[in-house]
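Shown next, in structure tokens, is the structure this report addresses.
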Amino acid sequence: MKRFDYYQPESLKEAYQLMEKFKGEALYVAGGTDVIVRIKQRAIEPEALISLRGLKELRGIKDNGGLTLGAGTLFRDIERYPLIAKEYPALHQAASMLANLQIRNVATVGGNLCNAAPSADSAPPLIVLGAMVVLEGPGGKRKMSLEDFFTGPGQTAKEPQEIMREIHIPEKDANTATVFLKIGRVSQDIAIANAAALVTMENKVCKRCRLAVGAVAPVPLRLKGIEEKIEGEEITDDLLQEVEKMVCDAVSPITDVRATKEYRRTVSGVLVKRAIAQAVASLEG
């Protein structure tokens, strides 16, 4: 493993200065659960790591009508936050299923998103919730939808000198439910496939639908065409069967050590169908 320098800045200004010093050859790191593994595998060889872990302005959860998550917020904090479990269950479910307790005590939501793995558990629920991310660097702040943040496997719209500062989730509509589901080889493993669904119902008709899947495309994928198919319709078994087939056609998975592309294609349809059904059932129940 290549040697690298390690810095613990006391402010964002100091962090930006360090990144400028290394001319983009350094990496920001928060929990480090993904970056350190990639360094050990020699997948990346940074000149330095700049830790953001001690910066309090990047952590915390705010209930401000919607929800604001500091990018440095731990998954364990998300998992234990009562409002998230009650009002944003898909996000709570994703946080609770991520790896194991030891990882959730150090892994951050911003790190999970910036790592940009197609299988990132936090991405599908945040996408269906309409999350916006705030990026900040020496040139100031900018805001964009999380859906547009991912550009490819391991690639994002974030500039090297920028950090993700916050994730904003808009206020939830009435009669809305969300569900996150995941399948892996074992409970602590990276997802073979995952899926999130948001449905807003009115008189047994779906007024609004948002669907996203992970680990079955180069980026976490929102299923806009299938959402349009569902909106304005009653959620019946026949419709769910049709949705399952549409999901299988919409995804573009690969074969790797965890699963074949055929298996991923099949289970992605099943997960989306089940997520929609469970969301509707939670509203009816």
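Here are the numbers:
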{"item": "Which listed residue is crowded, with 17+ Cβ neighbours inside 10 Å, modelled with pLDDT of 95 or more, within 29 Å of residue 156 (Cβ to Cβ) and not hydrophobic (A, V, I, L, M, F, W, C), from 225, 214", "result": "214"}
{"item": "Options 78, 50: the member that is without any contact (Cβ under 8 Å) to a residue 40 or more places away in the chain, crowded, with 22+ Cβ neighbours inside 10 Å and not in a loop (DSSP other than H, G, I, E, B)", "result": "78"}
{"item": "Candidate set: the stretch 53-75, residues that are in a loop (DSSP other than H, G, I, E, B) and either at pLDDT 95 or above or in contact with a Ser or Thr (Cβ under 9 Å, 6 or more places away or on another chain) (or both); chosen: the one nearest to residue 166 (Cα to Cα)", "result": "71"}
{"item": "Any hit, the stretch 9-21, residues being part of a loop (DSSP other than H, G, I, E, B) and among the aliphatic types (A, V, I, L, M)", "result": "no"}
{"item": "Condition check for residue 31: in contact with a Leu (Cβ under 9 Å, 6 or more places away or on another chain), closer than 18 Å to residue 162 by Cβ and surrounded by 19 or more Cβ atoms within 10 Å (Cβ to Cβ)", "result": "no"}
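The values are calculated or read from the model by the stated rules, or taken from the named source; none is laboratory data. The structure displayed is predicted, hence computed values, not measured ones. Counting neighbours? That spans all protein chains shown, and the Cβs are built from the backbone with ideal geometry, glycine included.
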